[in-house]
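Data block below; observations after.
The numbers here are math on the coordinates, done by the rules we state, and not lab data. Just so it is clear, the model here is predicted, and its values are computed rather than measured. Cβ placement follows ideal geometry from the backbone for every residue including glycine, while neighbour counts extend to all protein chains displayed.
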2 protein chains.
Amino acid sequence: MLRDTLTFVSSNEEKYREIRGALAGCGVQVARVVLDLPEIQSLDPGEVAAYKARKAYEHLQAGPVLVEDTGLGLVAWSGYPGALIKWVLGAVGEAGLCRQLDAWDDRRATATVVLCLYDGREVRQFVGQTGGTITAAPRGEHGFGWDSIFQPDGFALTYGEMAREDKMKISMRARALDALKNYLQDG
Amino acid sequence: MLRDTLTFVSSNEEKYREIRGALAGCGVQVARVVLDLPEIQSLDPGEVAAYKARKAYEHLQAGPVLVEDTGLGLVAWSGYPGALIKWVLGAVGEAGLCRQLDAWDDRRATATVVLCLYDGREVRQFVGQTGGTITAAPRGEHGFGWDSIFQPDGFALTYGEMAREDKMKISMRARALDALKNYLQDG
């Protein structure tokens with residue numbers, strides 16, 4: 001059903017490495033292109049990724065595309081900022097998000113990664129989620145995005161304090177990739 | 001150049017009343033349609049409105065369209081949330097935004113309204129801005145959106161505490177409407 005090459009649309013080199021690594025040995029080559037596509041306003045990373053995948057497919061005309069979007073939904077804020085997290089971090093940084101949340105007692109959050117595969121016919125979504133809490137201040141230098149302020153449930157370290165290999169074992173991205181890998185292997 | 005009917009794309013009845021009132025006597029009829037169009041992620045209301053105006057024009061195929069977008073940019077947050085303000089208010093409400101800002105001393109903000117006119121050839125933008133501060137808590141029942149937490153410079157009242165007529169004299173929407181009105185009268 002799928003060709004042997006998937007085009008991963010992302011400007012993020014580290015995400016590409018994670019995805020290529022995870023799909024190695026599954027019979028699918030992953031190429032990467034950087035495309036400046038519109039992202040729609042939504043808290044739901046699945047909705048953002050699906051819109052972007054359709055646009056990427058139309059634009060590239062080169063077979064199946066894979067698009068990732070992530071979200072960080074805060075319980076105290078009814079799921080905000082979700083997929084809009086990058087705008088918060090761009091404006092006030094990781095430390096700023098911690099400070100914005102200081103007026104609330106509940107610091108629980110759900111990190112979500114949605115991988116969206118579109119082959120011109122059907123949008124398929126592979127979702128990984130991890131529960132955790134937002135720390136009082138950033139900790140750790142590894143990873144990217146909000147890794148330094150997200151402490152997954154059951155661990156005393158933030159993603160930013162974990163080695164990449166350890167994080168990959170438990171991260172929401174790993175869970176989404178597992179779901180995608182299972183689909184590709186069964187297909 | 002413009003037909004005598006402009007289609008204002010908005011789900012907001014009160015904004016429609018403001019616009020229709022301001023353009024009365026300027027020889028242009030304003031109709032309203034409610035359209036569910038994608039809004040792109042950006043802090044800049046001009047960018048959001050321009051994208052939406054093009055989509056609305058393509059969809060309606062009924063002559064010039066007018067689209068409004070608003071933004072509330074906080075100085076302490078490098079202009080965030082800007083055009084994303086509705087998501088913040090939807091998640092935590094006006095009081096919640098005040099609380100998010102409590103960890104910063106600088107409560108200055110710029111309120112922006114962009115009216116975007118698209119006739120199939122050129123996007124024209126009419127911008128109104130008002131400086132002010134975000135209050136410690138919501139005050140007043142008038143208006144909509146963030147009116148209850150925005151106190152314009154030089155006034156002791158929030159927009160939410162002002163009568164609609166008084167607010168219209170000084171609001172960023174009135175300024176954008178003046179610019180649009182001048183354009184329509186000159187054209």
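What to note about this one:
- Label points for A:PHE144 are taken 7 Å from Cα along Cα→Cβ. From this copy to the others they lie 3.9 nm apart, shortest first.
- Environment charge at B:THR158 (Cβ cut-off 13 Å; Lys +1, Arg +1, Asp -1, Glu -1): -3
- Residues of region A:136-170 with amide N under 17 Å of the 7 Å Cα→Cβ point at A:GLU13: A:142-145
- Directionally averaged shadow of the protein assembly as shown, computed from the convex hull of its alpha-carbon atoms, nm²: 19.8 nm²
- For region A:136-186 versus region B:28-93, the gap between their alpha-carbon centres in whole angstrom: 34 Å
- Exercise: per-residue mean of other protein chain Cβ atoms within 10 Å, B:69-78: 2
- Take each residue in A:37-43, count the other chain C-beta atoms within 10 Å of its C-beta, and the mean is 5.
- Counting Cβ atoms of other protein chains within 10 Å of each residue's Cβ and taking the mean over peptide A:83-92 gives 5.
- Inter-copy label distances for A:ALA95: 3.1 nm (label point placed 7 Å from Cα along Cα→Cβ; shortest first).
- For region A:1-100, taking the reciprocal of the average inverse distance between every pair of different Cα atoms yields a Kirkwood hydrodynamic radius of 15.0 Å.
- Degrees separating the helix B:172-186 axis from the principal Cα axis of chain B, which is the longest one: 20 degrees
- Closest approach to the axis - chain B beta-carbon, rotation onto A, Å: B:GLN100, 2
- Environment charge at A:TYR16 (Cβ cut-off 11 Å; Lys +1, Arg +1, Asp -1, Glu -1): 0
- Each copy carries a label point for A:CYS26 at 7 Å from Cα along the beta-carbon vector; from one copy to the others these points are 5.5 nm apart, nearest first.
- C-alpha long axis of helix A:85-100 to longest principal axis of chain A, angle in °: 20 degrees
- Local electrostatic count at B:GLY120 - Lys and Arg +1, Asp and Glu -1, tallied over other residues with Cβ under 10 Å: -1
- DSSP bridge analysis restricted to chain A gives an antiparallel fraction near 75%, rounded to the nearest 5.
- Rounded FRET efficiency, nearest 0.05, which uses the C-beta distance separating A:ALA95 from A:ARG164 and R0 of 25 Å: 0.65
- Flagged links, alpha-carbon separation over 30 Å, of A:LYS169/B:LYS52; B:LYS52/B:LYS169; A:LYS15/A:LYS55; A:LYS86/B:LYS181; A:LYS167/B:LYS52: A:LYS169/B:LYS52; A:LYS86/B:LYS181; A:LYS167/B:LYS52
- Percent of Cα pairs exceeding the 27 Å cut-off, where the set is chain A: 27 percent
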